[in-house]
Amino acid sequence: LKEAAYTLRASENTEAKMIIAEKAVKFVTAERSIYIDAGTTSMCFAQKLKDENLFVLTSAPNIAMELIKFHNIKVSLTGGKLNRETLSLSGYNAVEYVKGLNIDIAFMAASAFSINSGFTCGDYFEAEIKRLIMKKAQTNVMLMDSSKIDCGMPYTFAKLNDIDILITDEPLPADYIRAAKKAKVTVI
């Protein structure tokens with residue numbers, strides 16, 4: 001399975017992504033270290049941030065370029081190999097750099113989500129960096145539009161009990177709500 005190109009995904013479900021971004025930005029407070037995952041929903045989130053004192057780590061060069069417009073946000077990239085489809089950096093260099101960082105809140109993105117497979121993506125090395133980021137973060141927030149529910153990609157990087165908050169655009173199906181409650185995940 002291959003993920004659709006970023007340029008194609010950027011034009012899909014834009015209203016849903018903006019709704020998610022509006023909800024997610026409320027969890028950002030100044031003087032924090034945050035991670036913003038690669039992805040089109042993450043880009044919407046980055047565009048909603050205020051110019052306040054933050055350290056932002058991202059695996060997405062396009063998100064870094066968006067954030068560099070702000071004067072008070074310090075921007076750092078993970079480094080690594082660039083994936084053309086996802087515009088995400090990953091691999092050995094990214095992993096080594098992230099090992100030395102502290103992250104207050106990670107705003108994560110998934111290509112797909114199902115109860116059985118969890119949160120998945122289409123690249124092994126991206127799954128690896130996502131797992132590490134989530135271990136390093138104090139709080140993990142998943143930003144995911146409803147079109148990704150009940151779908152799957154080859155590489156699982158997290159299960160429901162690995163996240164703290166799930167922000168989506170529409171109410172989840174009943175079985176997903178039950179699973180989220182069981183995993184003590186706040187669904188917004």
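The values are calculated or read from the model by the stated rules, or taken from the named source; none is laboratory data. If you're wondering where the values come from, they're calculated on a predicted model, not measured in any experiment. Backbone-built Cβ (ideal geometry, glycine too); neighbour counts: all protein chains shown. Note: accessible area is taken over every heavy atom of the protein model, side chains too, but ligands, DNA and RNA are not part of it. Shrake-Rupley method; radii C 1.70, N 1.55, O 1.52, S 1.80 Å.
Things worth noting here:
- The set of residues from region 24-58 being more than 10 Å from the chain's Cα centre (by Cα) and of a type in the set (G, A, S) comprises A24, A30, S33, A46.
- Scanning region 91-115 for residues that are more than 14 Å from the chain's Cα centre (by Cα), closer than 22 Å to T40 by Cβ and among the polar types (S, T, N, Q) gives a single hit, S114.
- Every residue from region 74-101 that is open to solvent by 40 Å² or more (accessible area, probe 1.4 Å) and either in a loop (DSSP other than H, G, I, E, B) or not hydrophobic (A, V, I, L, M, F, W, C) (or both): K74, K81, R84, E85, L87, Y92, N93, E96, Y97, K99, G100
- Any hit, region 137-155, residues being among the charged types (D, E, K, R), within 15 Å of D37 (Cβ to Cβ), part of a helix (DSSP H, G or I) and over 14 Å from the mean Cα position of the chain (by Cα): no
- Put simply, of F125, F107 the only residue that is part of a strand (DSSP E or B) and touching a strand residue (DSSP E or B) at 6+ places or on another chain (Cβ under 8 Å) is F107.
- Within region 102-119, restricting attention to residues that are over 20 Å from T58 (Cβ atoms) and polar (S, T, N, Q), the residue that is surrounded by the fewest Cβ atoms within 10 Å (Cβ to Cβ) is N116.
- For the residues K50, K26, the requirement of being open to solvent by 20 Å² or more (accessible area, probe 1.4 Å) and over 14 Å from L143 (Cα atoms) singles out K50.
- The C-beta contact set for region 40-54 (first residue under 21 Å from R84 (Cβ atoms), second residue in a loop (DSSP other than H, G, I, E, B) and open to solvent by 30 Å² or more (accessible area, probe 1.4 Å), distance under 8 angstrom, 6+ apart or interchain) comprises T40/E12.
- Verdict on I177 being open to solvent by 40 Å² or more (accessible area, probe 1.4 Å), hydrophobic (A, V, I, L, M, F, W, C) and either under 26 Å from T29 (Cα atoms) or not in a strand (DSSP E or B) (or both): yes
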